[in-house]
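The values are calculated or read from the model by the stated rules, or taken from the named source; none is laboratory data. In this text, all values refer to a predicted model and were calculated from it rather than measured experimentally. In this analysis, Cβ positions are derived from the backbone assuming ideal geometry, glycine residues included, and neighbour counts consider all displayed protein chains. Protein only, heavy atoms only, side chains kept; ligands, DNA and RNA dropped before computing areas. Shrake-Rupley method; radii C 1.70, N 1.55, O 1.52, S 1.80 Å.
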Amino acid sequence: MTATGSTVDRRDFIRVCTIALASIGLPYAAAAEIAQAVARKKLKPSVIWLHFQECTGCTESLLRTSHPALAELILDLISLDYCETLFAAAGHQAEAALQKAMKDNAGKYVLVIEGAIPTKDDGIYCQIGGRTALEIVHETADKAGAIIAIGSCASWGGIPSADPNPTGATGAPMVLKGKTVVTIPGCPANPYNLLGTVLQYVTFGTLPALDDKGRPKFAYGRTIHEDCPRRAHFDAGRFVQKFGDEGHRLGWCLYKTGCKGPATHANCSILNFGEVIGAWPIGIGHPCYGCTEQTLAFRVAMHDTVDIERPMPPDTYPPIRAAQGHISPIATGLAGVVGGALLGAGYMASRKLGEKPPSEEDDPRKET
Ligand code: SF4
Ligand code: SF4
């Protein structure tokens, strides 16, 4: 039996749906409802998927998941009416398919844009069928029901826009000013973030809540640093000083080697890539590069350090260390709950490794 009439069986379908639904904050029970709706062919919005200045890595990361159900699921949820990477058609046939999809589904289709758009010299540096990317994106966006920019290139320019940016490459929101563009940055974007957005749109006809850069809050509402598995080492003041040192081998915090996690909003630390646990940069021992932030990736040098948002508990928390002679049982109790992980991690780590607890000199903010 298949949930969708394709090779995805119902168990796989519900499993993948459940992961995506959990990431957008919808109840698990919705997965079964969506499976039924897909089986009845009730969902299937037309999707036009455009490719411009890019490496196609975002499409590849979607198609090459270790569990193929994810790509099949997305392709089952939608009717992919135009996609240069996956199309068998080419040339005039492909152009005709694009025009037909736009005409038949005007005002309803989902436009997915992958890749940056060159704007310099009237956009002549990227042309398809004799028309510039600028012309194509304006024409297709004007009749779209929803617009999604997938990957850092489409979201704000990504690699093609790195200095000196000879083609004037930029992202879809900058070209389509005044229109709502959902951005799913990442290099590549995590396919589950696309799936969560598409699931919400096809099931409820709405877009997820977005931040001021158009990113869905369900995926980009927190920093990598907030959910990083190495966070206890940061709090304990244990930092890799250089690649290959003892701290690196022990899995300590990568802040001093240039980790951008404290200033990068994304859910990579929770939803790893390819459905392989630990398959993300910090998981394999490299600092976060900040690829979901327009001001970081391809702008700030890879191993430069960044400022830390909220480096310490807010002032409103009870003091972690009570002043000598003024110990309040309430404050101490609350501090035990709030600061237990902070102090406990440092104390236990230092005991385990036979070193002194971290001092103020270990504070990364003192690093220049
Ligand atoms: S965002 Fe990165 S992975 Fe995606 S198309 Fe651009 S360069 Fe490739
Ligand atoms: S600085 Fe980077 S490696 Fe260290 S805890 Fe934060 S996100 Fe993780």
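Under a model in which nothing but the beta-carbon of Lys, Arg (+1) and Asp, Glu (-1) is charged, region 10-219 shows a dipole of about 780 debye around its Cα centre. With kT/(6 pi eta Rh) evaluated at 4 °C and eta = 1.567 mPa s, and Rh the Kirkwood radius from Cα pairs, region 222-315 diffuses with a coefficient of 97 µm²/s according to Stokes-Einstein. Label-to-label distance, His92 versus Met302, with points set 7 angstrom from Cα along the beta-carbon direction: 4.7 nm. Placing unit charges on the Cβ atoms only, positive for Lys and Arg and negative for Asp and Glu, gives region 222-315 a dipole magnitude near 200 debye about its Cα centre.
In the context of the full set of protein chains, region 10-219 has a per residue accessible area of 41 Å² (1.4 Å probe).
For region 205-304, applying the loop criterion from DSSP together with a ceiling of 10 other beta carbons within 10 Å to the trypsin sites (Lys or Arg not before Pro) yields Lys242. Given in Å, the Rg to one decimal and the Dmax to the nearest whole number for the Cα atoms of region 10-219 are 16.6, 52. Annotation: amide H-H contacts under 5 Å for Ala149 (H modelled 1.01 Å from N, sequence separation of 5 or more, or interchain): Ile113, Val182, Thr183, Ile184. Lysine pair count for region 10-219 (Cα-Cα distance under 16 Å; residues 8 or more apart in sequence or on different chains): 11. Qualifying trypsin sites (Lys or Arg not before Pro) in region 47-142, where qualification requires a DSSP coil assignment and no more than 16 other C-beta atoms within 10 Å, comprise Arg64, Lys108. For Ile128, nonlocal amide neighbours, meaning residues 5 or more places apart or on other chains whose placed amide H falls under 5 Å from its own, are Ala133.
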